[in-house]
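So the structure is just underneath, and the comments pick up after that.
Computed from the coordinates by the stated procedures, all read-outs in this text should not be read as laboratory data. Keep in mind that this is a model prediction, so the values were computed, not measured. Glycine also receives a Cβ, built like all others from the backbone with ideal geometry; neighbour counts cover every protein chain displayed.
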Amino acid sequence: MRSALIVAAGAAPSVALIQSAVCDLVVAVDGGVGPLRSAGVPPTHLVGDMDSASPEDRAWAEEHGATVIGFPMAKDQTDLELALVAAEHAGAERLLVLGVAGGREDHSLGNWATLCSPRSATVEVRSADSTAHVVRTSLALDGQPGDMVSIVPWGGTAEVSTTGLRWPLTRAVLSPFEALGISNEFLETTAGVAVHDGVAIVVRPLD
């Protein structure tokens, strides 16, 4: 399975987080090229309208062979949305995204909306304090008893079943206006989440 690391232009991920997440493709989303440069990880692609990428960072990416896919500032899609499309067109079946949150709140919400939109690739989002998966079918999880996991519906209700969690769900309908899926716990070293209808974000807080 071909994978793509996508670094968005939200709160800059740490050097360690970037270096631990390098994939077959590395896609910088506009200003996301800056943290990649700091980590010494050249992008294979640089995508966006280039309003937040410095000339120096863009030149560095080009010197290392990055394919630059530029767009006008007046457009209907965000830079992250265009980067996700570019990664999938390049054959990525797994998308690992950093730098989603931080900065403008409307951008953060728009990023999550984009990540949860229908697509063929799987989506994982990492930050300094959590790992999240966008789940449309099922997800297997590894952990330790007592580890926390939350299940949040996105874009409407989600019908969800779980295994291996302290408070089991059996075709439970999670509402976007309630917090039923927050703060569940592992009972064993493995757990599972099945989404029968809708979309859910499964979040693993990090200690």
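Below are the figures for this structure:
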read-out: C-alpha long axis of helix 105-115 to longest principal axis of the chain, angle in °; value: 80
read-out: Overall Cα dimensions of the stretch 133-205, principal axis frame, Å, largest first; value: 30, 21, 20
read-out: Extension gain, GLU56 back to ARG119 (0.36 nm per residue minus Cα-Cα distance, nm); value: 19.4 nm
read-out: In the stretch 128-192, trypsin sites (Lys or Arg not before Pro) in a DSSP loop with at most 13 other beta-carbon atoms within 10 Å; value: ARG171
read-out: Rh by Kirkwood over Cα pairs, then Stokes-Einstein D for the chain at 0.890 mPa s and 25 °C, µm²/s; value: 139
read-out: Between the stretch 17-67 and the stretch 138-207, the Cα center-to-center distance that results, in Å; value: 34
read-out: Of all DSSP beta bridges in the chain, antiparallel share, percent nearest 5; value: 60
read-out: Percent of C-alpha pairs per 5 Å bin, the stretch 1-64, short to long; value: 4, 21, 35, 26, 12, 3, 0
